[in-house]
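The values are calculated or read from the model by the stated rules, or taken from the named source; none is laboratory data. Given the structure is predicted, the values throughout are model-derived calculations rather than measurements. Cβ coordinates were reconstructed from backbone atoms using ideal geometry, including for glycine residues, and neighbour counts include every protein chain displayed. All accessible areas refer to the heavy atoms of the entire protein, side chains included, with ligands and DNA or RNA removed. Shrake-Rupley method; radii C 1.70, N 1.55, O 1.52, S 1.80 Å.
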Amino acid sequence: MTALLLCDVRLGLGGPRVDVAVTAGRVSAVGPGLPRTGEVVDGRGGTVLPGLVDVHAHVTQWASSRRRISLAQAKSAVEVVDIIAAAGPARPGELVMGHGFRDSAWPDVPHKDLLERALPGQPVALFSNDLHTLWLSPAALRLVGREHPTGVLLENDCMAATAALPGATDEWVLEAADAAAARGVTEIVDYEYSDTVTDWLRRSALATSLGRVLGTRVSAVVSRPLLDTAIERGHRTGDVVPGADGLLKVGPYKLFVDGSLNTRTAYCHDPYPGQDSHGLLELPFDELVTLMDKASRNGISPAVHAIGDRANTIALDAFAKVGCTGRIEHAQLVHPDDLPRFAQLGVIAGVQPAHQPDDRDVADQHWSGRTANAFPYGALLAAGATLEIGSDAPVSPLDPWDGIASAVSRTDDTRPAWHPEQAIALDIALAAASRGRRAIAVGDTADLTVTAVDPGTLAPHELREIPIVLTMVGGRLTHVS
């Protein structure tokens, strides 16, 4: 007996009109005119695609950022303070949060005293767009138990202070997961710097108490400090965690080799223009190898953050030394000699195409003369690499269509495409946003997305606003428009 019949849908880009039957959470039949048994769901002539997976998001921070003051348009530190001050009064002692500033080209510098003068005694926490810089007021520094001369924390200090700040409530996170489902997302890989397994078990229990289940599947990444805890728990990457309706899995083990482009801490072979600095090496090679080896020997796959080209070389060298497969997250600047090594070593490139339009001007400035190797999706594919698309939310919105559109077009405004030779075709981008799934076949897990129109008929910029008819996870509807 068919549990659910999804009727009147187009099967993939330019495909035929079919029905899709789902039984026990899996696709059990695909074809025209299937028997109308079980629950019948009208696909309204939309296009059915494999469910979309955001392979890199920070879900608690994304849930918070949906309620933070946007600083994306600020052109200086002074403008940021003006935006915060104009947002309206907060209750005394209430944490004021903003997100999205990019200070790499500002004429001035952020400082805690600027925030103190604007909002005396108020805790203020402002997150850079790339999440690698945290600008705190004196009261916010006290809130996280720190002293700092400027209140501007970078890299590890930023991550630790972020974890110490009050985060989003579980209700906010569940709402964010529902919002992701409304954009066709069926799974999120959560890269929060916390005990993500425990967090999501608690959220699953909350959802159950509310008479529902999680809006998406979740893979819970193991943060660097929790490797021993994960091993003691017997967690292995890909294992389903009991107690969350089968929707929670153990993710990879996250390690940082370098910082980010906007903070000029991405670790590069060449120095930054006008500076002696090559960026910041967060984790020396020998220590990186030791941690990767320990994780992989215990069944936990490494996911290594590497943005600069030298960081990518080091990460690839470490995978070769350990002899394990895994992921490099970001791969924003890759030396041409390293391109074929991704495929040779079985290392997936977890990329965030929506960052490329955001960072093109900064890349032109700080990676001058090397941008042909920046965000090199076309070159990685040509070298045989496997690409998987994420958002890095809240750096970019938790919306796979934003990344897909950027991967295809290499722009998000009226300017011409930036290095269009690195653009990728729509069908490849959709597969990269679906963990490699290119089609729907009998036996597949019924994680499906139905778009109102065939994405192949749209101009690239129209993909960002594509309407979603419904989203399905394991045969269960998580969104219906």
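How large is the dipole of the chain about the Cα centre if only Lys and Arg carry +1 and Asp and Glu carry -1, each at its Cβ, rounded to the nearest 20 debye? Let's see the in-between values first.
Values: 41 positive and 58 negative charges, 208 e Å.
Dipole magnitude for the chain comes out near 1000 debye.
Setting aside same-chain residues fewer than 8 positions from LYS254, which lysines have a Cα under 28 Å from its Cα?
LYS294, LYS321
Measure of size requested: the Rg and Dmax of the stretch 266-314, with Cα atoms as the atom set and Å as the unit; please supply both.
13.1, 44
Rounded to the nearest 10 degrees, what's the angle between the helix 400-409 long axis and the longest principal axis of the chain, both from Cα atoms, 0 to 90?
80 degrees
In what sequence, largest accessible area first, do MET472, MET159 appear using a 1.4 Å probe?
Working: MET472 0, MET159 35 Å².
I get MET159, MET472, largest accessible area first.
With a 1.4 Å probe and every protein chain left in place, tell me how much accessible area LEU477 has, in Å² to the nearest 10.
50 Å²
Hey, what's the chain come to in accessible area per residue, 1.4 Å probe, Å²? Let's see the in-between values first.
Numbers: 18030 Å² over 481 residues.
Result: 37 Å² per residue.
Over 42 Å apart: what share of the alpha carbon pairs of the chain falls there, rounded to a whole percent?
Numbers: 17527 of 115440 pairs.
For the chain, the share of Cα pairs beyond 42 Å comes to 15 percent.
Given an 8 Å cut-off on Cα distances and at least 6 residues of separation, report the relative contact order of the stretch 81-188 as a percent. All intermediate terms of the calculation are to be shown ahead of the outcome.
On the way: 128 pairs, mean separation 22.4, N = 108.
Once normalised by length, the contact order is 21 percent.
Where Rh is the Kirkwood radius over the Cα pairs of the stretch 7-51, the temperature 20 °C and the viscosity 1.002 mPa s, what D in µm²/s does Stokes-Einstein return? If you can, show how the numbers build up before the last one.
Numbers: Rh = 10.7 Å.
This corresponds to a translational diffusion coefficient of 200 µm²/s.
Using the C-alpha gyration tensor of the stretch 241-292, what are the square roots of 5 times its eigenvalues, in whole angstrom, with the largest one first?
For the stretch 241-292, the semi-axes come out at 35, 15, 6 Å.
Using Stokes-Einstein with the Kirkwood hydrodynamic radius over Cα pairs, what translational diffusion coefficient do you get for the stretch 69-146 at 37 °C and a viscosity of 0.692 mPa s, in µm²/s rounded to a whole number? Mind dumping the intermediate values first?
On the way: Rh = 12.3 Å.
In µm²/s, the coefficient is 267.
What ratio of Cα Rg to 2.2 N^0.38 Å holds for the stretch 89-219?
Values: Rg = 17.1 Å, N = 131, 2.2 N^0.38 = 14.0 Å.
Against the compact-globule rule of thumb, the ratio is 1.22.
Within straight cross-link reach of LYS112, meaning Cα distance under 22 Å, which lysines are found once same-chain residues fewer than 8 apart are removed?
LYS75
Taking the 0 to 90 degree range and rounding to the nearest ten, how far is the long axis of helix 196-209 tilted relative to the main principal axis of the chain, both from C-alpha atoms?
That helix lies at roughly 50 degrees to the long axis.
With axes computed from alpha carbons, what is the tilt in degrees of helix 285-297 against the longest principal axis of the chain, rounded to the nearest 10 within 0 to 90?
30 degrees
I'd like the carbon and sulfur percentage of the solvent accessible area for the chain, probe radius 1.4 Å, heavy atoms only, ligands and nucleic acids excluded. Display every interim value, and only then the final one.
Details: 9610 of 18030 Å².
Result for the chain: 53 percent of the exposed heavy-atom area is carbon or sulfur.
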